[in-house]
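The values are calculated or read from the model by the stated rules, or taken from the named source; none is laboratory data. Note that the structure is a prediction, hence the values are computed from the model and not measured. In this analysis, Cβ positions are derived from the backbone assuming ideal geometry, glycine residues included, and neighbour counts consider all displayed protein chains.
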Amino acid sequence: MTGKGTRTFAYGHVANPDGERVHRHFPVVNAPRAAYLHIPFCHRRCYYCDFAVVPLGDHADGAHSASIAAYLPLLQAEIAASASPAPLSTVYIGGGTPSLLTPRQLGQLLDGLRQRFGLVPGAEITLEMDPASFDRLRLDGMLAAGINRVSLGGQSFDDGVLERLGRRHRRGHLLQAAGWLRQARASGALSSWSLDLIQGLPEQDLPHWRQQLQQALALEPPHLSVYDLIVEPGTVFERLQRRGQLPLPDPDLGADLMDLTGELLRGAGYGRYEISNYALPGHASRHNRVYWSGGGWWGFGLGATSAPYGQRQARPRTREAYAAWLQTKGASPPAGEPPFDEWLIVGLRRREGVNLHQLAEAAGLSAADRASLKRWMAPMRQRGLLLVEGQRWRLADPEGLALSNAVLRELLAWWEARQRPEQAMAEPLPAASP
Amino acid sequence: MTDVPVQRIRNFCIIAHIDHGKSTLADRLLQDTGTVAARDMQAQFLDNMELERERGITIKLQAARMEYTAADGQTYILNLIDTPGHVDFSYEVSRSLQACEGALLVVDASQGVEAQTLANVYLALENDLEIIPVLNKIDLPGADPERIKEEIEAIIGLDTSKAIDCSAKTGLGIPEILEAIVERVPPPPDRVNEQLRALIFDSYYDAYRGVIVYFRVISGQVGRKDKVLLMASKTSYELDEVGVMAPDQRQVESLHAGEVGYLSASIKAVADARVGDTITLVADPVSEPLPGYTEAKPMVFCGLFPTDADQYPDLREALNKLKLSDAALNYEPETSSAMGFGFRCGFLGLLHMEIVQERLEREYNLDLIVTAPSVIYRVNMLDGSILMVDNPATLPDPQKRESIEEPYVKLEIYTPNTFNGTLMELCQERRGEFIDMKFITTDRVTLHYEMPLAEVVTDFFDQMKSRTKGYASMEYSLIGYRRNELVRLDVLINSEKADPLTTIVHRDKAYNVGKSLVEKLKELIPRQQFKIPIQASIGSRIIASESISAIRKDVLAKCYGGDISRKKKLLKKQAKGKKRMKAMGKVDVPQEAFMAVLKLNQ
């Protein structure tokens, strides 16, 4: 749990159906303290991207884009219409390429949040930035407007790779941008920054990837997000793959690349606090941890998903539909609990895993259910993928994290079988020793 | 009582190869005689099983009665008896031919005579049927009726001077066909005054009335409320209903010699009224049944297991129900440590097997794992006893057996002669023994082989079709058992014996089969979280070995607020995919892997 703004558990008495008082954990729903703002505009669409984005051309800028000028009032209107405000402790402005906005436009958005919710002192305010979309002066302006954390979309240090990804920036842009961020951090104007990299790219091999990681480490980012390439439907990459023109590393090499990442970054002092996220001590993203801990968050903007009170709500992905949506349901976020299986899907991504006892009680599972789940998962424990330490369940680093889907599928299968009590639940066979 | 004089009855069937237009022609006859109004016409009226329409083949035969006023001004009753068009059902064909006096031989005017047609024509000739050659699809650009007529004369020795050109699609030649049926097909012999003998040529199960029996009265007459005896099954019934197919069932008081009709008598299962059985009166029985009755014997066997063990009772129930309408289906419980509870089922042939399997999945909503088909082996034991083995996994150990015999078939392939070489090669590979080759026209040949049935029931048919671009056709019939050097080839997955993958092969081929089998399995079994050795063995000797390396990465790289629903959906879908697999030796094995032995040559 990361304190304010997320879900917490209280311990207390409740009455069972027989009227007896029993002790149990139950979730306490606080007003969300995290907000995500989606800025859908980009210069162009990268070949792997399936986000809700609006490409505006290579020379677009918030200062003179009619599309951006027309969008921001909608966003402000949605913020202003939010219910039950409590001061925010994290804000994440993502996209798209939100660094297309001018410092003034960003300032206005943050003002909107301040007016509606308030920002707690020391709130983490992250902006996603494209390396070729800003200079020193503009960065200073953004920091002056209130941004204190930057997530830099570097992806690669290899111009050939950047070209093949459909990125607009080149290695030179990336090095220069990182330099400015380092200076800003040294001066105290920026509290933290993160660098994004993509692993498992076409034709990537171990030596190449090692070079990429070494160049990243040389920039000393306090935080690194290293994502495996996912070929999503509808992207240029998917079309290439269908035509057999996307020579991705085979699964074994993919695993080697992931292992290398873990090894090198650990050696450099970074902790792997989530499947794809590494940070120096004290620099884990507070905002992103809300998603993985089952906490509530506001979401604003086209294509954004919010879950202020547990139930997720996705917004339309086009501007017209989003504008129309704002007129009708914008102000009524659904309420409800995130189901047990979703808490596990997100919670097990974290280094610390989940407190199963708490989750189970909150979901109304009996001790017998917990025992059944434990037996069901025994093969995964025997294979060394899942670690059970008292109440705490977590995935082993790196084997369990690398095979997390296999573990999650078993958990989902158990949960589904439990939802159909009329069918006897067969216990799986004991695991083979690998 | 229908009062049609025997002289004005014509009973005929249509002999045709799949796709040569039998069903379309039948539909056209029904339409032109006004039996079915054009507006009620569903394409392919006689094939009334959904599966049959989809595959465009007739599995269960049907019959229809038409009234036709001929050029001589008289009204005739024409009974069309449909025949199934596949080698698996040749016994049924022989029974329906026995119910007729004539046959339309329908040949595609561009494609010519095919193996299956020929086999049925010979059956028809044996039954003394008057054969009327019809050249169909005459309207198509590729039609070459003169060449095809020559072919028919050369191959079958039929006079084609009176062959009829026709297009069932456009209606061309239909009046000529109807006239020819009246003129050339002889009326049934008049035996109305003899004792009752009727031949069952088909039956099906009706959920409300019990079994409906289709029959031809050979002699005497039969009516409602009569008490009849089925001579082979030795059961007797009082008839609830007697009628004709016009083509919908229409009740009549009685039917006499020469007529074709149906009856119902609260018969519980088609196995109690088998095709070929003789119906006579309990009160006045004949002493001898009609000749030619045999019980359909399964030739091909496989294991059927529910993917989900909970579905075992449903599978048993479904087989019980199918058995009511399919006398040739045989099954008995089978238990395997690897597969759990299921059934060993016997079928007439591969098509029959596929149909049953598809009906179980489609009509009864079952998820099945089906093991590769096997034949029935005769094992001579050292102690002198003989064991029939239909499941390779149960073949006794070598030290207990003296020898193994396997069923052989006589195989005839008809093909354009350009494909001779490749087909002979195929037959050689499949342990075929060459008997002879005959040119039937200048560019078509017939190849005659004797071959183990086990080699035919694998992918032989598919291979033959693909090697000849679909031009060759084949026919086979069982000729007996032969002793061969056979061995049991076991498969071990993760060091555990996988019974359903066990197969019996010739010693000389064992090494190659073993090697390609483990390679194929390596392809078909998805990687799991641990390394899986896959081995083929004869007895305790490992003859081939492969291993599937462990999967090391299976992870969703990104999961933030908006991704959670999508990721959950994806994981659930993957978990569902696992349901189509069977866990063996703790390894999830997909359905395709159980058929691996059929796919070794691809």
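Of the candidates B:220, B:276, B:258, the single residue that is of a type outside the set (Asp, Glu), in contact with a Ser or Thr (Cβ under 7 Å, 6 or more places away or on another chain) and on the phi > 0 side of the Ramachandran plot is B:276.
Scanning the range B:319-333 for residues that are modelled with pLDDT under 90, in contact with a Lys or Arg (Cβ under 6 Å, 6 or more places away or on another chain) and under 22 Å from residue B:392 (Cα atoms) turns up just one, B:329.
Residue under question is residue B:550, and the condition is that it be within 14 Å of chain A (Cβ to nearest Cβ), more than 30 Å from residue A:51 (Cα to Cα) and assigned to a loop (DSSP other than H, G, I, E, B); does it hold? The answer is yes for residue B:550.
Screening A:146, A:118, A:122 for residues that are more than 30 Å from residue A:230 (Cα to Cα), touching a helix residue (DSSP H, G or I) at 6+ places or on another chain (Cβ under 6 Å) and without any contact (Cβ under 8 Å) to a residue 60 or more places away in the chain leaves exactly one candidate, A:146. Within the range A:365-380, residues that are away from every other protein chain (no Cβ under 14 Å) have Cβ atoms under 6 Å from residues that are not acidic (Asp, Glu) in these pairs: A:370/A:360; A:373/A:414, counting only partners at least 6 apart in sequence or on another chain.
For the range B:333-362, a tally of residues being closer than 21 Å to residue B:201 by Cα and either free of Cβ contacts under 8 Å to residues at least 12 places away in the same chain or out of contact with any strand residue (DSSP E or B) (no Cβ under 7 Å at 6 or more places or on another chain) (or both) returns 4. Does residue B:519 count as away from every other protein chain (no Cβ under 12 Å) and either part of a loop (DSSP other than H, G, I, E, B) or surrounded by fewer than 17 Cβ atoms within 10 Å (Cβ to Cβ) (or both)? Answer is yes for this residue. Here the condition is being hydroxyl-bearing (Ser, Thr, Tyr), within 22 Å of residue B:82 (Cα to Cα) and within 23 Å of the chain's Cα centre (by Cα); of B:203, B:219, it holds for B:203 alone.
All but one of (1) surrounded by fewer than 17 Cβ atoms within 10 Å (Cβ to Cβ); (2) more than 19 Å from residue A:162 (Cβ to Cβ); (3) small (Gly, Ala, Ser) hold for residue A:179; state the number of the condition that does not hold. Here residue A:179 meets the rest and fails (2). Among the residues of the range B:171-185, just one is out of contact with any Lys or Arg (no Cβ under 8 Å at 6 or more places or on another chain) and farther than 14 Å from residue B:134 by Cβ, namely B:183.
Of the strands (runs of 3 or more DSSP E) lying entirely inside the range B:388-458, those containing at least 2 residues that are under 22 Å from the mean Cα position of the chain (by Cα) and under 16 Å from residue B:114 (Cα atoms) span B:401-416.
Within the range A:303-318, the set of residues being more than 10 Å from chain B (Cβ to nearest Cβ) and either of a type in the set (S, T, N, Q) or surrounded by 24 or more Cβ atoms within 10 Å (Cβ to Cβ) (or both) comprises A:311, A:313, A:318. Under the condition of being more than 16 Å from residue A:300 (Cα to Cα) and either buried (at least 21 other Cβ atoms within 10 Å of the Cβ) or of a type in the set (Ser, Thr, Tyr) (or both), the residues counted in the range A:57-88 number 3. Of the residues making up the range B:401-435, those that are closer than 9 Å to residue B:450 by Cα, of a type in the set (A, V, I, L, M) and modelled with pLDDT under 95 number 2.
What are the pairs, 6+ residues apart or on separate chains, where a residue within the range B:303-332 that is within 14 Å of another protein chain (Cβ to nearest Cβ) and touching a residue at least 12 places away in the same chain (Cβ under 8 Å) has its Cβ under 9 Å from a residue that is of a type in the set (Asp, Glu) and assigned to a helix (DSSP H, G or I)? Here the result reads B:306/B:314, each pair linking the range B:303-332 to a residue that is of a type in the set (Asp, Glu) and assigned to a helix (DSSP H, G or I).
Would you please name the residue that is farthest from the other protein chains (Cβ to nearest Cβ), looking only at residues in the range A:384-401 that are closer than 20 Å to residue B:587 by Cβ and touching a helix residue (DSSP H, G or I) at 6+ places or on another chain (Cβ under 8 Å)? By that ranking, first place goes to A:386. Scoring residue A:247 on the criteria (1) out of contact with any Asp or Glu (no Cβ under 7 Å at 6 or more places or on another chain); (2) away from every other protein chain (no Cβ under 14 Å); (3) without any contact (Cβ under 8 Å) to a residue 60 or more places away in the chain leaves a single failure, condition (1).
Taking the criterion of being more than 10 Å from chain A (Cβ to nearest Cβ) and not in a strand (DSSP E or B), the residues of the range B:531-547 that qualify are B:539, B:540.
The set of residues from the range B:226-258 being touching a Gly at 6+ places or on another chain (Cβ under 8 Å) and in contact (Cβ under 8 Å) with a residue 60 or more places away in the chain comprises B:232, B:244, B:245, B:252, B:253, B:254, B:255, B:256, B:257. Yes or no: the range B:536-546 includes at least one residue that is in contact with an Asp or Glu (Cβ under 9 Å, 6 or more places away or on another chain), surrounded by fewer than 17 Cβ atoms within 10 Å (Cβ to Cβ) and charged (D, E, K, R). The answer is no; no qualifying residue exists.
Residue pairs whose Cβ atoms lie under 7 Å apart, sitting 6 or more positions apart in sequence or on different chains, and linking a residue in the range A:283-294 that is more than 10 Å from every other protein chain (Cβ to nearest Cβ) and under 12 Å from residue A:347 (Cα atoms) to a partner that is outside any helix (DSSP H, G or I) and of a type in the set (Val, Ile, Thr), are A:289/A:2; A:293/A:2; A:293/A:6. Under the condition of being within 15 Å of the chain's Cα centre (by Cα) and surrounded by fewer than 16 Cβ atoms within 10 Å (Cβ to Cβ), the residues counted in the range B:349-387 number 1. Set side by side, the residues B:481, B:471 differ, and just one is of a type outside the set (Val, Ile, Thr), part of a loop (DSSP other than H, G, I, E, B) and under 33 Å from the mean Cα position of the chain (by Cα), which is B:471.
Out of the residues in the range B:105-146 meeting the condition of being at pLDDT 90 or above and assigned to a helix (DSSP H, G or I), tell me which one is surrounded by the fewest Cβ atoms within 10 Å (Cβ to Cβ). Among residues in the range B:105-146 that are at pLDDT 90 or above and assigned to a helix (DSSP H, G or I), the one surrounded by the fewest Cβ atoms within 10 Å (Cβ to Cβ) is B:146. Summed over the range B:93-133, residues that are under 16 Å from residue B:21 (Cα atoms) and of a type in the set (Val, Ile, Thr) total 5. Residues in the range B:553-576 that are within 7 Å of another protein chain (Cβ to nearest Cβ) and acidic (Asp, Glu): B:554 alone.
Would you be able to say whether some residue in the range A:323-334 is part of a loop (DSSP other than H, G, I, E, B), at pLDDT below 85, surrounded by 15 or more Cβ atoms within 10 Å (Cβ to Cβ) and within 14 Å of chain B (Cβ to nearest Cβ)? Yes, the conditions are met somewhere in the range A:323-334.
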